[in-house]
Amino acid sequence: MNRVTSILGIKYPLVQGPMSWLTDAKFVAAVSNAGGLGILGPNAGQHTVTTSADETAQRMREQIKQVQQLTDQPFAVTLIVAGGSTSIFTQKILAVVIAEHVPVVLLNSLGGVDSAAYGVDPATMATLKAHGIKTVVRSLQPSLKDAQAVEAQGADIYVATGFDEGGTMPGGELGAFAIMPLIADAVQLPVLLAGGIGDARTVQAAFALGAEGVFVGSRLIPTVENPAADNVKQLIVDSTAEDLALFRTQPDYYRSLPTKLREQLIENDRTLPAAQAKLANAKLMGGTSGMRLGMLAGDFEHGYVSVGTGISMVHAIQPVQAVVDELMQGYPQA
Ligand SMILES: Cc1cc2nc3c(=O)[nH]c(=O)nc-3n(C[C@H](O)[C@H](O)[C@H](O)COP(=O)(O)O)c2cc1C
């Protein structure tokens, strides 16, 4: 037991990162049943985009109900809360979270872009606290001041994200080894490390750097229960961090394994001034549609495959339980 397991009511201090399109009810329940905390992310369980806030909330309600059928363990839902405001999408999902008694929420905030962006929307935090819902905060741009602001707001857990991660990467460009002790030394609340967790050694390194748990995304994609396409899972198994290429996009950077689309993204980054490259690449990536095509549908022509640098340690497609057990081998001794 440590502070993370007792706050969240879970066996292992391992939290699964939300991944757009790739964190559906079946997968999330598998993580929670394995002893970690599963989190439903954006577009959970979907294959199509909706621009309706009502439909988005209804889709999330169905996913929550499915998780509840598949596990009696705690799980979480992601809410996007940037600075001092929330969107109608966030408000509607929050209402569903309360109505369906979801025990934990992952708050996605902007973080240290500027002082106005530190911390999370105070009204959302107050509502969650009033309903006894635990809060894990992960900022797009983690920083010392953001962590302190989040702590002052009464969050339960903060996530320090290193540049090693998959998905949208922090513009601060600090690797996991730099960001983790920086934040852990500045706050009292428990901090999880996100970015580059690939095996038991990296979990133990996270603990050595001051983390009280790990926040894991890419390592959990090549699993039996993850909805990613089979060719994506195999590509991850067959690749190492050396196969990843970094390119600019909005807000800062992404990286991808080789695909046809990636060639264009790299070319833009190489040939255009930074601001133009960001715009051109964000357009090419089409919001999260490049991720849906590349990772959910396995279309290596029109999509990309975004993962973190921890993939060098992945050697097989395994059940979630086996991966979680392997990662947590050193716990509680760690
Ligand atoms: C394919 C992919 C999609 C992601 N999508 C999201 C997302 O929609 N929202 C979010 O907050 N984080 C997202 N992330 C970040 C993860 O939640 C997590 O922070 C990250 O994967 C941790 O680094 P790792 O991949 O090295 O384990 C995504 C990551 C990946 C790999």
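Here the Gaussian network model covers the chain, with springs between Cα atoms less than 10 Å apart; of THR51, THR288, THR309, THR51 fluctuates the most.
Scoring 272-279, 139-146 by mean Cβ neighbours within 10 Å over their residues and listing the highest first yields 139-146, 272-279. Each residue of segment 254-269 is assigned a 3J(HN,Hα), and the resulting list reads 9, 9, 8, 6, x, 8, 5, 4, 4, 4, 5, 5, 5, 4, 4, 5 Hz, derived from the Karplus form 6.51 cos²θ - 1.76 cosθ + 1.60 (θ = phi - 60°), x at Gly and Pro.
The calculated FRET efficiency for the pair LEU144 and ASP238, based on their C-beta separation and a Förster distance of 41 Å, comes to about 0.60. Counted over the chain, the DSSP beta bridges are approximately 20% antiparallel. Fully extending the segment from ALA322 to ASP230 would add 31.3 nm, taking 0.36 nm per residue of separation and subtracting the current Cα-Cα distance. Taking θ as phi - 60° and the Karplus parameters 6.51, -1.76 and 1.60, the scalar couplings of segment 193-205 work out to 9, 10, x, x, 6, x, 7, 4, 5, 5, 5, 5, 5 Hz in sequence order, x denoting glycine and proline. Solvent-accessible surface of the chain, taken per residue with a 1.4 Å probe and all protein chains present: 39 Å².
From most to least packed by mean Cβ count within 10 Å, the peptides 54-64, 159-169 give 159-169, 54-64.
What a 1.4 Å probe finds exposed on the chain is 53% carbon and sulfur by accessible area, rounded to a whole percent.
Computed log10 I(q)/I(0) for segment 120-203 at 0.13, 0.14, 0.22, 0.26 Å⁻¹: -0.41, -0.47, -1.01, -1.24, from the Debye equation with unit scatterers placed on every C-alpha and solvent omitted. Overall, the anisotropy analysis places the chain in the rounded class: the square-rooted eigenvalues a ≥ b ≥ c of its C-alpha gyration tensor yield a/c less than 1.5. Along each principal axis, taking the top coordinate minus the bottom one, the Cα set of segment 1-149 gives 42, 41, 27 Å in descending order. For segment 134-162, no residue has its backbone nitrogen under 14 Å from a point 7 Å from the Cα of ALA123, taken along Cα to Cβ. Among MET125, LEU14, ALA160, which residue has its Cα positioned farthest towards the positive end of the charge dipole of the chain, with +1 placed on the Cβ of Lys and Arg, -1 on the Cβ of Asp and Glu, and the dipole taken about the Cα centre? The listed residue farthest towards the positive side: MET125.
The distance between label points at HIS302 and SER87 comes to 2.2 nm (points 7 Å beyond Cα on the Cα→Cβ vector).
The helix-only estimate of mean residue ellipticity at 222 nm for the chain, built from DSSP H runs of length n ≥ 4 each weighted as -39500 (n - 2.57), is -11000 deg cm²/dmol after division by the residue total.
The GNM of the chain, with springs linking C-alpha atoms under 10 angstrom apart, assigns the highest mean-square fluctuation among ALA316, ALA147, ALA30 to ALA316. Look at the alpha carbon pairs under 8 Å that are at least 6 residues apart: their mean separation over the length of the chain gives a relative contact order of 17 percent. A straight chain from ARG270 to LEU246 at 0.36 nm per residue would run longer than the Cα-Cα distance by 7.6 nm. Taking label points 7 Å from Cα along the Cα-to-Cβ direction, HIS101 and ALA130 give a separation of 2.1 nm.
Here's the list of aspartates and glutamates a cross-link from LYS283 could span, going by alpha-carbon distance under 15 Å and ignoring same-chain residues fewer than 8 apart: ASP252, GLU263, GLU267, ASP269. If you take all C-alpha pairs in segment 245-306, what percent of them are over 13 Å apart? That fraction is 53 percent.
Could you compute the FRET efficiency for ARG201 and LYS283, with r as their C-beta to C-beta distance and R0 at 51 Å, rounded to 0.05? Efficiency, from the Cβ-Cβ distance: 0.85. Between ALA208 and HIS47, full extension at 0.36 nm per residue minus the direct alpha carbon distance yields a gain of 54.0 nm.
The values are calculated or read from the model by the stated rules, or taken from the named source; none is laboratory data. Given the structure is predicted, the values throughout are model-derived calculations rather than measurements. With ideal geometry, Cβ positions are generated from the backbone for all residues, glycine too; neighbour counts draw on all protein chains shown. These area figures cover heavy atoms from the full protein model, side chains too; ligands, DNA and RNA do not enter into them. Shrake-Rupley method; radii C 1.70, N 1.55, O 1.52, S 1.80 Å.
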